[in-house]
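Each remark here refers to the structure printed beneath this line.
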Amino acid sequence: MYENQEQKLRSVEAGAEAGADAREGMRARLRAAITDKLVYAVGKDTAHASMHDWYLATALAVRDRIVDRWMESTRETYRQEGKRVCYLSLEFLIGRNFRDSVSNLGLMEPLVEALNDLGVDPDLLREQEADAALGNGGLGRLAACFMESLASLSLPAIGYGIRYDYGLFRQVIVDGAQHEVPEDWLNVGNPWEFERPEATYRIGFGGTTRDETDADGRMRRVWQPAETVIAKAYDTPVVGWRGAHVNTLRLWSARASEPLMLDAFNHGDYVGAMAHRARAEAISRVLYPSDATPAGYELRLRQEYFFTAASLQDLVRRHLSRFPGLGNLADHVAIQLNDTHPAIAVAELMRILVDEKGLAWERAWEITRETLSYTNHTLLPEALETWAVPLMERLLPRHMEIIYRINWLHLEAVAALPGADDRLGRALSIIDEENGKRVRMGHLAFVGSRKVNGVSALHTDLMRETVFADLHRMFPDRITNKTNGVTFRRWLQQINPRLTRLIIETIGPRMRDHPQALRDLEGHADDPAFQRAFADQRLAAKQDLARLIRVRTGVSVDPTAMFDVQIKRIHEYKRQLLNLLEAVALYNAIKADPGAGWVPRVKIFAGKAAASYAQAKQIIRLAHDLGAVINNDPEIGDKLKLVFLPNYNVSLAEVIIPAADLSEQISTAGMEASGTGNMKLALNGALTIGTLDGANVEMRAHVGPENITIFGHDAQEVAALRDAGYCEASTLDRSTRLARALYEIETGLFSPDEPRRYSSLTEAVAWRDRYMIAADFDAYWQAQRDLDALWGRPDEWWRKAILNTARMGWFSSDRTIGEYAQDIWRVRPLVHSA
Ligand SMILES: *Cc1c(COP(=O)(O)O)cnc(C)c1O
């Protein structure tokens, strides 16, 4: 009886539109549940509980309310025999989970009231959660947005990844330089996950292969690994919008197959007895920082195989618990490879089908090719993943044999193409023979997939024309475009409640469920009262950010200045250096004529540099050296400030984005696959200054060319310059502003203690200019001055800002996931009866 009552109430509460009575009831029940958890799960009494204890208790109380829906979702998935999406990603950049879950369950209001009843500040409580920084940047955040959208669209899905003990490093700035320290996010406990001791799999490495005849007299290839590691599952429920559907994020942790070598231990070799354990557990210890430079380490390859093999074993076991064989696998599972990191899945699935299940090679290949699809995330040649054949042979001997056979059959097909020659064979081969025999993981993923997608229209076109040009000619239907998106629940509704409230007061609540409804704001773009309200909510967010800037950097900034924001991983192609050089030029211009009515600006930077990426780390250092001079120059005052906020992560992004007036998306054209930071900022009403790169191209089409500031060479022009043998020097003669800024940096104006500190940066611009900084500088300078002028016409500025928010609806990850579901996965939403 009681069980049913409780369940009934829960389904009402998740409906979010519960009446006032139900809400009162919910508030009381949450209050009771939190105190209950505090005492019986955390083991503290209310008088002595710390804020962290309260956080744990509250999270556990909320988690209880997810579990029924979660189990119901799983049952329905089985019952309806639909297809399930398996999203394999080495990164899930989730950030904090608390607000996501509470808000999607529709429990925010009663929970805040319950906490207030208990005398606990909900904002302070939320701050207790550590960021799950299990990703580097855009690629990992995309996986997190996709998980949320999959659940919100009631698409049955499971995300597979690694439960890193330490996420991406925490960035600490000492004397202006980046230092990396471990991000010990699990140390404070993770109340959202469920340990699954029953879901463990054995993952082999190394060893030998041989032929064996089985009981039916059939020859089989057998792999005898030399080493076995255990993969253990941890599940986190992912709650969809309005709590209708809950999916699973399953992250693998590595354990030794034997916890202790008791023999060695008993003989007094205590360290040796633990050594194999340390080696096994190293696999899930750290995330490699490598969003655009590959980490060519053996441990990285072990990570990739570890999580791919565990995930495939898991989904095969699930399939075989319902069906007699794997012949219909593609009807029930769609596996998406997020970049090439899980590309070994092509060989592993073949190994399972052929070696373990005894399917014929041709049939196994059909099933593999129907089940897998691959998302490409980069065209940068240095970031395309390859593994040395000898390493693969040593670590994954059977997989290497399988890859050779796949390649042999593939090259037979290539040889049969009209006009096939040696060049074509070499270009299409999965093995790169020219650089010391390496396996091209992109080629392997391409050949083994049903669909291969780019992440913006431009990026997809460039894939067809460059990296995969020959493969595209061979398989003209395989490449498809799926422009990235972001989840509006998190990136508008949760992070910007002020703007959300204003929008709903103005056009009603439809936008909560239908991103495209934001378009109704268009009719208000010219309304002076609405413009004022729009500007007021921005000012409030800027005051919040100004406080954070003072606390974290000691710099005071004027909240009424233009907040000019560049937040993303530090990389030469993203051109933070272009922005810094413009800052120096602006500084010079202000000094030359301080009374000229300059528009006050705060340039805000945040981002991490890969630990081994020297140039990127120098860019961070330069930002600090410039800030130290500019921010302390009395002649400059509030006309220009330059701040670098340390340790960029999801939670920091959530504070900066609502406060941004201007969004810097200035990558060298042709180099940014999509960008998603650009979308989050424009959605919140920042104007974009950017190149025609990645998704900026489509953003221009959607918001209208008059509402975005585009400058510089486009991808074709960049390619033409390169073909013509462009290198700097000539452009420098034309741009005196840039030449002077470079000279000042080069000669130590901003680093008098070490005048030559930045010569590697300045020389890269002056002599090679691979990233076209000199080529684009003047256009960028002019675009910035045009924006200064626009700031002086607030009615125009705010009109454009409002139109940006109004027209960004298409960039919801719900739209992206809808396209994947239809064109790539062929999955349909689950129908929930309740
Ligand atoms: C959105 C996001 C990114 C991606 O930013 P880009 O500007 O597209 O590179 C990276 N890191 C975090 C924390 C994000 O939220």
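The values are calculated or read from the model by the stated rules, or taken from the named source; none is laboratory data. Keep in mind that this is a model prediction, so the values were computed, not measured. Every residue, glycine as well, gets a Cβ built from its backbone with ideal geometry; the counts of neighbours run over all protein chains shown.
A quick yes/no check of all residues on (1) more than 28 Å from Gly358 (Cα to Cα); (2) without any contact (Cβ under 8 Å) to a residue 24 or more places away in the chain; (3) not charged (D, E, K, R):
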position	(1), (2), (3)
Tyr164	yes, no, yes
Gly167	yes, no, yes
Ile173	yes, no, yes
Trp192	yes, no, yes
Thr209	no, no, yes
Ala226	no, yes, yes
Ala231	no, no, yes
Tyr234	yes, no, yes
Val246	yes, no, yes
Could you figure out which of (1) under 23 Å from Gly627 (Cα atoms); (2) touching a Gly at 6+ places or on another chain (Cβ under 8 Å); (3) surrounded by fewer than 17 Cβ atoms within 10 Å (Cβ to Cβ) isn't true of Arg757? (3)
Taking Gln543 as the residue in question, decide whether it is assigned to a helix (DSSP H, G or I), of a type outside the set (Asp, Glu) and touching a residue at least 24 places away in the same chain (Cβ under 8 Å). no
Quick one: which of Leu499, Leu462 is of a type in the set (A, V, I, L, M, F, W, C), away from the ligand (no atom under 16 Å from the Cβ) and in contact with a Pro (Cβ under 8 Å, 6 or more places away or on another chain)? Leu499
Give segment 588-643 a look and list any residue that's more than 18 Å from Leu742 (Cα to Cα) and β-branched (Val, Ile, Thr), or say none. Val599, Val602, Ile604, Ile636, Val643
Pairs, first among the polar types (S, T, N, Q) in segment 365-392, second modelled with pLDDT under 95, C-beta under 8 Å, six or more apart: Asn376/Val467; Thr378/Ala292; Thr378/Leu384; Thr386/Pro294; Thr386/Asn435
Which ones in segment 174-222 are β-branched (Val, Ile, Thr), assigned to a strand (DSSP E or B) and surrounded by 13 or more Cβ atoms within 10 Å (Cβ to Cβ)? Thr200, Ile203, Thr209, Val222
Among helices (runs of 4 or more DSSP H) entirely inside segment 729-827, those with 2 or more residues being among the acidic types (Asp, Glu) are 736-746, 773-791, 794-807, 813-819
Failed criterion for Ala720 (all others in (1) in a helix (DSSP H, G or I); (2) within 16 Å of the ligand (Cβ to nearest atom); (3) more than 20 Å from the chain's Cα centre (by Cα) hold): (2)
For the subset of segment 544-581 comprising residues that are surrounded by 24 or more Cβ atoms within 10 Å (Cβ to Cβ) and of a type outside the set (A, V, I, L, M, F, W, C), which member is farthest from the ligand (Cβ to nearest atom)? Asp564
Scanning segment 677-707 for residues that are free of Cβ contacts under 8 Å to residues at least 24 places away in the same chain and buried (at least 18 other Cβ atoms within 10 Å of the Cβ), which turns out nearest to the chain's Cα centre (by Cα)? Asn678
Strands (runs of 3 or more DSSP E) within segment 633-709 that include 3 or more residues within 16 Å of the ligand (Cβ to nearest atom): 662-665, 687-690
Matching residues, segment 611-631, being under 16 Å from Asp175 (Cα atoms) and assigned to a loop (DSSP other than H, G, I, E, B): Asn631
Take Ala264 and decide whether it is within 24 Å of the chain's Cα centre (by Cα), assigned to a helix (DSSP H, G or I) and more than 20 Å from Thr378 (Cα to Cα). no
Does Lys608 satisfy the condition of being within 12 Å of the ligand (Cβ to nearest atom), modelled with pLDDT of 95 or more, part of a loop (DSSP other than H, G, I, E, B) and crowded, with 23+ Cβ neighbours inside 10 Å? yes
Would you check if there is a residue in segment 472-483 being of a type in the set (Phe, Trp, Tyr) and part of a helix (DSSP H, G or I)? no
Let me confirm something: among Asn435, Asn407, which residue is surrounded by fewer than 15 Cβ atoms within 10 Å (Cβ to Cβ) and under 19 Å from Val467 (Cβ atoms)? Asn435
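To keep it simple, each residue is scored yes or no on (1) under 24 Å from Asn376 (Cβ atoms); (2) buried (at least 18 other Cβ atoms within 10 Å of the Cβ); (3) at pLDDT below 95.
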{"residue": "Ala282", "(1), (2), (3)": "no, no, yes"}
{"residue": "Tyr288", "(1), (2), (3)": "yes, yes, yes"}
{"residue": "Ala292", "(1), (2), (3)": "yes, yes, yes"}
{"residue": "Ala295", "(1), (2), (3)": "yes, no, yes"}
{"residue": "Asp314", "(1), (2), (3)": "no, yes, no"}
{"residue": "Asn328", "(1), (2), (3)": "no, no, no"}
{"residue": "Asp331", "(1), (2), (3)": "no, no, no"}
From the list Tyr234, Tyr288, exactly one residue is of a type in the set (Phe, Trp, Tyr), in a strand (DSSP E or B) and within 30 Å of the chain's Cα centre (by Cα). Which is it? Tyr234
Kindly list the number of the only condition in (1) in a loop (DSSP other than H, G, I, E, B); (2) modelled with pLDDT of 95 or more; (3) of a type outside the set (A, V, I, L, M); (4) more than 22 Å from Asn190 (Cβ to Cβ) that fails for Arg29. (1)
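Rundown of residues vs (1) of a type in the set (Gly, Ala, Ser); (2) in contact with a Leu (Cβ under 9 Å, 6 or more places away or on another chain), yes/no style:
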position	(1), (2)
Val120	no, no
Glu148	no, no
Leu153	no, no
Ala157	yes, yes
Asp165	no, yes
Ala177	yes, no
Asp214	no, no
Glu227	no, no
Ile230	no, no
Looking for whichever is closer than 28 Å to Trp70 by Cα and within 16 Å of the ligand (Cβ to nearest atom) here; the options are Ala151, Ala133, Ala157. Which one fits? Ala133
